[in-house]
Amino acid sequence: MPRPIHLLHDAAALARMLALEAPCCAQIAMSAAGTSATGTPTAWGAFLDANPLGDAWIADTELPARRIVSYSGTLADTPFGDDPRTWMKAGHERFRAFCDEVEPSLRAHGRTLCFRPHHRHVLGDVHASVKLLRDRAGGPFEVLLAPADLLAPSMLPQAEDHLARMFAHLGPIAAGVLLTDIAPDPAGAQTGLFTERRFGEGVLPTALVAELLARHVPPEIPLILLPGALDAQRTLLGV
(Lines give C-alpha, C1' and ligand atoms only; values in the text may rest on other atoms or scores of the structure.)
Protein backbone atom coordinates (compact mmCIF):
# COMPACT_ATOMS: atom_id res chain seq x y z
CA MET A 1 0.00 0.00 0.00
CA PRO A 2 1.22 3.57 -0.55
CA ARG A 3 2.93 5.15 2.44
CA PRO A 4 0.83 7.88 4.14
CA ILE A 5 2.41 11.29 3.63
CA HIS A 6 1.81 14.37 5.75
CA LEU A 7 3.10 17.92 5.45
CA LEU A 8 4.34 19.89 8.46
CA HIS A 9 2.59 23.25 8.29
CA ASP A 10 3.05 26.33 10.42
CA ALA A 11 -0.07 26.23 12.59
CA ALA A 12 -0.80 29.95 12.56
CA ALA A 13 -0.40 30.23 8.78
CA LEU A 14 -2.59 27.19 8.20
CA ALA A 15 -5.31 28.61 10.46
CA ARG A 16 -5.32 31.83 8.46
CA MET A 17 -5.63 29.90 5.20
CA LEU A 18 -8.60 27.92 6.52
CA ALA A 19 -10.18 30.89 8.34
CA LEU A 20 -9.87 29.07 11.65
CA GLU A 21 -8.83 30.21 15.09
CA ALA A 22 -5.10 29.62 15.55
CA PRO A 23 -4.53 26.45 17.62
CA CYS A 24 -2.26 26.37 20.66
CA CYS A 25 0.59 24.62 18.88
CA ALA A 26 3.50 25.59 16.67
CA GLN A 27 3.01 23.23 13.72
CA ILE A 28 0.47 20.71 12.45
CA ALA A 29 1.19 17.66 10.32
CA MET A 30 -1.65 17.41 7.81
CA SER A 31 -2.35 14.70 5.26
CA ALA A 32 -0.96 15.50 1.82
CA ALA A 33 -3.97 13.64 0.41
CA GLY A 34 -6.28 16.45 1.51
CA THR A 35 -9.48 16.09 3.52
CA SER A 36 -10.98 13.00 5.11
CA ALA A 37 -14.18 11.27 4.04
CA THR A 38 -16.11 13.78 6.16
CA GLY A 39 -14.57 16.69 4.27
CA THR A 40 -12.39 17.90 7.15
CA PRO A 41 -8.59 18.20 7.06
CA THR A 42 -6.80 15.19 8.54
CA ALA A 43 -4.24 16.07 11.21
CA TRP A 44 -1.61 13.47 12.12
CA GLY A 45 -0.13 15.43 15.00
CA ALA A 46 0.07 18.81 16.71
CA PHE A 47 3.67 19.93 17.32
CA LEU A 48 4.60 21.93 20.42
CA ASP A 49 7.72 24.01 21.00
CA ALA A 50 7.55 23.85 24.80
CA ASN A 51 10.25 22.31 27.01
CA PRO A 52 9.12 19.30 29.11
CA LEU A 53 12.08 19.77 31.44
CA GLY A 54 11.15 23.40 32.06
CA ASP A 55 8.23 24.92 33.92
CA ALA A 56 5.91 25.93 31.09
CA TRP A 57 4.97 22.73 29.22
CA ILE A 58 1.23 22.90 28.60
CA ALA A 59 -0.83 20.95 26.07
CA ASP A 60 -4.26 22.37 25.26
CA THR A 61 -7.00 19.73 25.37
CA GLU A 62 -8.50 21.35 22.26
CA LEU A 63 -5.48 20.67 20.04
CA PRO A 64 -6.55 19.60 16.53
CA ALA A 65 -4.98 16.13 16.74
CA ARG A 66 -5.07 13.25 19.19
CA ARG A 67 -1.31 12.98 18.91
CA ILE A 68 0.80 15.65 20.62
CA VAL A 69 4.37 15.92 19.34
CA SER A 70 6.95 17.48 21.62
CA TYR A 71 10.70 17.65 22.01
CA SER A 72 11.86 15.70 25.07
CA GLY A 73 13.41 18.79 26.58
CA THR A 74 16.59 20.26 28.01
CA LEU A 75 17.95 21.74 31.23
CA ALA A 76 19.66 24.49 29.25
CA ASP A 77 18.41 28.07 29.41
CA THR A 78 17.68 28.12 25.68
CA PRO A 79 15.66 25.54 23.68
CA PHE A 80 18.72 23.99 22.02
CA GLY A 81 21.48 25.06 24.38
CA ASP A 82 24.35 22.75 25.24
CA ASP A 83 23.94 21.72 28.88
CA PRO A 84 25.55 18.39 29.92
CA ARG A 85 23.15 18.11 32.87
CA THR A 86 20.44 17.24 30.35
CA TRP A 87 21.99 13.82 29.65
CA MET A 88 23.04 13.15 33.23
CA LYS A 89 21.05 12.00 36.26
CA ALA A 90 19.30 15.34 36.79
CA GLY A 91 17.92 15.44 33.24
CA HIS A 92 16.73 11.85 33.21
CA GLU A 93 15.10 12.16 36.63
CA ARG A 94 13.27 15.30 35.53
CA PHE A 95 12.13 13.55 32.36
CA ARG A 96 10.83 10.51 34.24
CA ALA A 97 8.94 12.79 36.61
CA PHE A 98 7.44 14.65 33.67
CA CYS A 99 6.21 11.42 32.04
CA ASP A 100 4.74 10.24 35.35
CA GLU A 101 2.98 13.58 35.78
CA VAL A 102 1.36 13.81 32.34
CA GLU A 103 0.46 10.15 31.80
CA PRO A 104 -2.85 10.19 33.76
CA SER A 105 -4.07 13.25 31.86
CA LEU A 106 -3.05 11.78 28.51
CA ARG A 107 -4.99 8.61 29.27
CA ALA A 108 -8.01 10.54 30.53
CA HIS A 109 -8.22 12.61 27.34
CA GLY A 110 -7.36 9.76 24.95
CA ARG A 111 -4.15 11.47 23.77
CA THR A 112 -0.71 10.19 22.94
CA LEU A 113 2.51 12.12 23.46
CA CYS A 114 5.03 11.54 20.70
CA PHE A 115 8.55 12.68 21.57
CA ARG A 116 10.77 14.18 18.88
CA PRO A 117 14.36 13.29 19.86
CA HIS A 118 17.10 15.85 19.31
CA HIS A 119 20.83 15.55 19.92
CA ARG A 120 20.71 18.42 22.43
CA HIS A 121 17.78 17.00 24.44
CA VAL A 122 17.33 14.29 27.04
CA LEU A 123 16.23 11.84 24.32
CA GLY A 124 19.37 12.66 22.39
CA ASP A 125 20.18 9.42 20.64
CA VAL A 126 18.83 6.09 19.45
CA HIS A 127 19.56 4.28 22.72
CA ALA A 128 17.62 6.75 24.88
CA SER A 129 14.67 6.70 22.46
CA VAL A 130 14.45 2.91 22.36
CA LYS A 131 14.79 2.75 26.14
CA LEU A 132 11.83 5.12 26.56
CA LEU A 133 9.60 2.90 24.42
CA ARG A 134 10.73 -0.19 26.31
CA ASP A 135 10.35 1.33 29.79
CA ARG A 136 6.98 2.92 28.97
CA ALA A 137 5.55 0.05 26.92
CA GLY A 138 1.75 0.13 27.02
CA GLY A 139 1.72 3.81 27.94
CA PRO A 140 0.55 6.80 25.89
CA PHE A 141 4.06 7.59 24.66
CA GLU A 142 5.61 7.34 21.19
CA VAL A 143 8.77 8.41 19.40
CA LEU A 144 9.09 10.27 16.12
CA LEU A 145 12.12 9.37 14.02
CA ALA A 146 13.60 12.66 12.81
CA PRO A 147 17.10 11.73 11.58
CA ALA A 148 18.23 15.31 10.90
CA ASP A 149 17.49 16.25 14.52
CA LEU A 150 19.77 13.52 15.85
CA LEU A 151 22.81 14.60 13.83
CA ALA A 152 25.24 16.99 15.48
CA PRO A 153 27.86 18.71 13.29
CA SER A 154 30.57 16.49 14.77
CA MET A 155 28.66 13.43 13.49
CA LEU A 156 28.48 14.58 9.88
CA PRO A 157 31.68 12.81 8.67
CA GLN A 158 30.11 9.50 9.80
CA ALA A 159 26.55 10.48 8.88
CA GLU A 160 25.93 7.35 6.81
CA ASP A 161 26.72 5.06 9.74
CA HIS A 162 24.60 7.13 12.13
CA LEU A 163 21.66 7.19 9.71
CA ALA A 164 21.84 3.44 9.21
CA ARG A 165 21.70 2.90 12.98
CA MET A 166 18.78 5.32 13.44
CA PHE A 167 16.66 3.65 10.79
CA ALA A 168 17.55 0.11 11.80
CA HIS A 169 16.59 0.60 15.46
CA LEU A 170 13.86 3.25 15.35
CA GLY A 171 12.40 2.80 11.87
CA PRO A 172 10.30 -0.28 12.71
CA ILE A 173 8.91 1.14 15.97
CA ALA A 174 8.55 4.89 15.38
CA ALA A 175 5.10 6.48 15.19
CA GLY A 176 6.21 8.40 12.11
CA VAL A 177 9.29 9.58 10.22
CA LEU A 178 9.99 13.29 9.82
CA LEU A 179 12.39 13.74 6.92
CA THR A 180 14.01 17.14 6.70
CA ASP A 181 17.47 18.04 5.46
CA ILE A 182 20.27 20.03 7.06
CA ALA A 183 22.59 22.74 5.87
CA PRO A 184 25.55 24.40 7.59
CA ASP A 185 24.58 27.39 9.69
CA PRO A 186 26.82 30.49 9.56
CA ALA A 187 26.71 30.51 13.36
CA GLY A 188 27.16 26.74 13.59
CA ALA A 189 30.67 26.94 15.02
CA GLN A 190 29.19 28.67 18.08
CA THR A 191 25.77 27.00 18.29
CA GLY A 192 26.62 23.45 17.20
CA LEU A 193 23.40 23.41 15.18
CA PHE A 194 22.36 23.10 11.54
CA THR A 195 19.78 25.01 9.53
CA GLU A 196 16.68 23.00 8.61
CA ARG A 197 15.87 22.53 4.92
CA ARG A 198 13.40 20.57 2.82
CA PHE A 199 14.54 17.04 2.08
CA GLY A 200 16.95 17.10 -0.84
CA GLU A 201 18.01 20.70 -0.31
CA GLY A 202 20.83 20.07 2.15
CA VAL A 203 23.78 17.79 2.74
CA LEU A 204 22.13 14.49 3.71
CA PRO A 205 22.77 11.51 1.39
CA THR A 206 19.32 11.33 -0.17
CA ALA A 207 19.77 7.98 -1.94
CA LEU A 208 20.87 6.33 1.29
CA VAL A 209 17.96 7.81 3.25
CA ALA A 210 15.51 6.56 0.61
CA GLU A 211 17.06 3.09 0.79
CA LEU A 212 16.95 3.01 4.61
CA LEU A 213 13.35 4.22 4.61
CA ALA A 214 12.30 1.44 2.25
CA ARG A 215 14.30 -1.21 4.12
CA HIS A 216 13.48 -0.46 7.75
CA VAL A 217 10.24 1.53 7.97
CA PRO A 218 6.99 -0.45 7.44
CA PRO A 219 4.80 1.07 4.71
CA GLU A 220 1.98 1.90 7.12
CA ILE A 221 4.20 4.23 9.16
CA PRO A 222 3.55 7.82 8.01
CA LEU A 223 6.16 10.03 6.42
CA ILE A 224 6.18 13.74 7.29
CA LEU A 225 7.78 16.30 4.97
CA LEU A 226 8.13 20.06 4.87
CA PRO A 227 5.69 21.82 2.50
CA GLY A 228 6.81 22.86 -0.96
CA ALA A 229 8.51 20.92 -3.76
CA LEU A 230 6.50 17.86 -2.72
CA ASP A 231 6.90 16.06 -6.05
CA ALA A 232 10.67 16.53 -5.92
CA GLN A 233 10.85 15.21 -2.38
CA ARG A 234 8.69 12.20 -3.25
CA THR A 235 10.81 11.43 -6.29
CA LEU A 236 13.98 11.43 -4.22
CA LEU A 237 12.38 9.09 -1.68
CA GLY A 238 10.61 6.85 -4.16
CA VAL A 239 7.24 7.26 -2.43
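Only Cα pairs under 8 Å and at least 6 apart count here; give the relative contact order of the chain as a rounded whole percent.
Details: 441 pairs, mean separation 42.3, N = 239.
With pairs under 8 Å counted, the relative contact order is 18 percent.
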Next on the checklist: What number comes out for accessible area per residue over the chain if the probe is 1.4 Å? Units Å², please.
Outcome noted: 48 Å²
Next on the checklist: Please give me the summed charge of the neighbours of Pro205: other residues whose Cβ is under 12 Å from its Cβ, Lys and Arg +1, Asp and Glu -1.
Outcome noted: -4
Item to check | Dimensionless Rg ratio for the chain, taking C-alpha atoms and the 2.2 N^0.38 Å reference | outcome: 0.98
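How much FRET efficiency would the formula 1/(1 + (r/R0)^6) give for Met1 and Ala137, where r is the Cβ-Cβ distance and R0 is 30 Å, rounded to 0.05?
Calculated value: 0.65.
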Checklist entry - Can you give the charge dipole size of the chain about its Cα centre, rounded to the nearest 20 debye, using +1 on the beta carbon of Lys and Arg and -1 on the beta carbon of Asp and Glu? => result 540 debye
Checklist outcome for this item: Checked against the positive end of the charge dipole of the stretch 125-189 (+1 on Cβ of Lys and Arg, -1 on Cβ of Asp and Glu, about the Cα centre), the farthest of Ala175, Ala164, Ala148 is Ala175
Next on the checklist: Ordering Cys25, Cys99 by accessible area with a probe of 1.4 Å, largest first, what comes out?
Outcome noted: Cys25, Cys99
Item to check | Rounded to 5, percent antiparallel among DSSP beta bridges of the chain | outcome: 45 percent
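Using Cα pairs closer than 8 Å and at least 6 residues apart in sequence, work out the relative contact order for the stretch 82-125, in percent.
Values: 20 pairs, mean separation 20.2, N = 44.
Reported relative contact order: 46 percent.
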Item to check | Protection proxy ranking, peptides 165-171, 144-150, average beta carbon neighbours within 10 Å, highest first | outcome: 144-150, 165-171
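What does the extension gain come out to for Asp60 and Ala207, with contour length at 0.36 nm per residue minus their alpha carbon separation? Kindly include the intermediate steps, with their values, before the conclusion.
Working: separation 147, 0.36 × 147 = 52.92 nm, distance 3.90 nm.
Extending this stretch completely gives an extra 49.0 nm.
At 0.36 nm per residue, minus the direct Cα-Cα distance, what do Arg215 and Ala168 gain on full extension? Give it in nm, one decimal, please. Spell out each step's value before the answer.
Numbers: separation 47, 0.36 × 47 = 16.92 nm, distance 0.84 nm.
The Arg215-Ala168 span can extend by a further 16.1 nm.
Just need the relative contact order of the stretch 139-178 here, percent rounded to a whole number, with Cα pairs under 8 Å and 6+ apart.
65 percent
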Next on the checklist: Rolling a 1.4 angstrom probe over the protein chains, ignoring ligands and nucleic acids, what is the accessible area of Leu236 in square angstrom, nearest 10?
Outcome noted: 70 Å²
Checklist entry - Distance in nm between label sites at Asp10 and Arg85, each 7 Å beyond Cα in the beta-carbon direction? => result 3.4 nm
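The values are calculated or read from the model by the stated rules, or taken from the named source; none is laboratory data. Since the model is a prediction, treat every value here as computed from it, not as a measurement. Using ideal geometry, Cβ is built from the backbone for each residue, glycine included, and neighbour counts are taken over all protein chains shown. In case anyone asks, the SASA skips ligands and DNA or RNA and just uses the protein heavy atoms, side chains included. Shrake-Rupley method; radii C 1.70, N 1.55, O 1.52, S 1.80 Å.
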